[in-house]
Amino acid sequence: MHVTSAVRTPLVTGGKTYADVTEDVSRQVEGRPTREWTIAFTISVIVLLYGTACVFWTWWEGLGVWGLNKTIGWAWDITNFVWWVGIGHAGTLISAILLLFRQKWRTAVNRAAEAMTIFAVICAASFILMHMGRPWLAYWALPLPNTWGSLWVNFKSPLVWDVFAISTYFTVSLVFWYMGLIPDLATIRDRARSKVSRYIYGALSMGWNGSAKTWARYEYMSLILAGLSTPLVLSVHTIVSFDFATSVIPGWHTTIFPPYFVAGAIFSGFAMVQNLMLIIRVVFKLEDYITVEHIESMNKVITLTGSIVGVAYLTEFFIAWYSQVEFESYAFINRATGPYWWAYWAMMTCNVISPQLFWSRTIRRSVVWTFTLSVVVNIGMWFERFVIIVTSLHRDYLPSSWAMFHPTLFDISDYIFSFGLFFTLFLLFAKFLPVVNMAEVKAIIKSSSEKLPKSVSGVAKGERVTNPAFNKNVE
Amino acid sequence: MADVNGNGKFLVGIYDDDDVVLKAVKDVKQAGVRIHEVYTPFPIHGLDVALGHPRSRLGIAAFLFALSGTTTALLLTAYTEGFDWPMIVGGKDSYSFPVYIPVIFELTVLFCALGMVGTFLVSNGLGPTVKPLMFDLRTTDNKFAMAIDLSKNKLAEGDIEQLLRSSGAAEVNVKQF
């Protein structure tokens, strides 16, 4: 057992026992859907249905229903894709990188954050399918021989790297998330009263019985998966940034794109986690598990990555001037002062200035501030991708072909579709699966609980674990 | 573990606390009793060592699967672009190793993760149709169960029960499979 310094603030409050953890988390999986959930789910499904109809119309009519023109061939589609993939970075960061760094606060938020990752990647992939225009030919992106109708894919293209990166990331994240769910699914299975839920959760939990040998292998496997996911999560947004960085468009071919995109991805992902967790902890009454400490820790990550993003913006500007390439300089001056100045300054305000407010302890521990600033950050990060994509394209080398992008109803509706999809999936997850990793929270209770009630341990008798008596069992 | 499916008769000590059960494992072993297995709601560090379980070889499997992913990607890129349909794109050689690194990396990770998880499931006998072998349903909630196979121990049932109780077990049950 670990001995925790008295300086550390507790991660689980309210003197929870192991049984309390099971009860508090399983409650809403087993109970009837609440009114709030039903209303939210109905709205999400309606939005999803409307969005699906619009996406099908987009495919039926062709991409001409979007506001694209011959100068601006990528606009909201790729903006939305990069935005969603970015959001999908927080889950794996929390579950993998923070596991390697032994950050215990990870345990209460990793489950929901990983679920968010998976759903965000699904939303991102939907834009890839959409922007193909002919989604039934999507398999052309796979390395299949000529007889299937196309040449081999071009392995030198970052778009092909993206196919490999996104699909690997999705698969590995899904597997990592599911393996984490198995012990908790077994808990639900063993508590289930109805035959149907015992059967369903029984199949999902794959016959887990929590033997010491299985747990030892399980922990070993989690560690290796975390070790694999850490470079993987960094590689995904690196490769997404290559889509731009390997081109010769001024404003795109920048060597700082990979770290800058990865930082931005973690930045927006944590903001989305904050938004979801702040709602979940209130609606599901999980304030003892997702505490102000957790919120503060995530706000610190937001401040760090937001500052990296800010430095990257300034570096881009400096390099544009220092390189003495007039096209590069123009691209950046045009961003800040051209017809899209409002998008640029929206990005600068939301991404560079707003996270700096978290230097104040009061603000970063305030639920209202955190929620508001997280929304602001995600608006800012959407504008960042819009600025990078649209303002770099709209004025190219030939002034005669300069153009502006005007979104149509279908640009907007297809974006709304992704929100319907995301929230429908997330609400289904929140109702039918445990939103907090029960097994991992139980494992940190002794070292991180506010106080230990008698029923958890005969050793501690209500003291915190600064008591060296906990050390005696460890050689 | 074959006897588990047969006529096994087990004594199951139920503990309330992870530190107590860890200590109990050492005490019970010291008394010369063979422990079948311990079932816990969350991983207890050091429990596998205390029980004498060998170190997992999952890492070896993971490495081999990773290696197969690397090989697949190397062969795929070399065959398609270097041999089957050479093409010069972007001024690069038809076979140019550095641009294949992203694909090689991704396939390495993919093969490793899927292969290792598959190995984990198979080696632990886990699968969607598997009926769990539960000595006590509360071990996925808040209790820790130590199962002792009576057919593999020479000590009398009463003595083992006494030993379990003195090691801190809150209750001792008999479980017949």
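Quick check: is even one residue across the stretch B:153-160 farther than 30 Å from A:Val153 by Cβ and surrounded by 18 or more Cβ atoms within 10 Å (Cβ to Cβ)? The answer is yes, given that some residue of the stretch B:153-160 is farther than 30 Å from A:Val153 by Cβ and surrounded by 18 or more Cβ atoms within 10 Å (Cβ to Cβ). For the stretch A:282-339, residues that are under 30 Å from A:Val29 (Cβ atoms) and part of a loop (DSSP other than H, G, I, E, B) total 8.
Being more than 23 Å from the chain's Cα centre (by Cα) and farther than 25 Å from A:Ala186 by Cβ, is that true of even one residue in the stretch B:32-40? So far as the stretch B:32-40 goes, yes, one or more of its residues are more than 23 Å from the chain's Cα centre (by Cα) and farther than 25 Å from A:Ala186 by Cβ.
Considering only residues of the stretch B:122-143 that are among the β-branched types (Val, Ile, Thr) and without any contact (Cβ under 8 Å) to a residue 12 or more places away in the chain, which is nearest to the other protein chains (Cβ to nearest Cβ)? In this case the residue turns out to be B:Val130. Output the residue which, of all residues in the stretch B:53-67 that are of a type outside the set (A, V, I, L, M, F, W, C) and in contact with a helix residue (DSSP H, G or I) (Cβ under 8 Å, 6 or more places away or on another chain), is farthest from A:Ile444 (Cα to Cα). Of everything passing the filter in the stretch B:53-67, B:Gly59 is farthest from A:Ile444 (Cα to Cα). Residues that are buried (at least 23 other Cβ atoms within 10 Å of the Cβ), assigned to a helix (DSSP H, G or I) and among the polar types (S, T, N, Q) within the stretch A:179-213 comprise just one, A:Thr187. Taking the stretch A:208-225 as the range and being more than 14 Å from A:Pro183 (Cα to Cα) and more than 7 Å from chain B (Cβ to nearest Cβ) as the test, only A:Leu223 passes. Considering only the stretch A:223-253, state which residues are in a loop (DSSP other than H, G, I, E, B) and surrounded by fewer than 20 Cβ atoms within 10 Å (Cβ to Cβ). Result: A:Thr246, A:Ser247, A:Val248, A:Ile249, A:Trp252, A:His253.
None of the figures in this text is laboratory data; all of them are computed from the coordinates on show. Just so you know, these numbers come straight off a predicted model, no measurement behind them. Note that we place each Cβ from the backbone using ideal geometry, even for glycine, and neighbour counts take in every protein chain shown.
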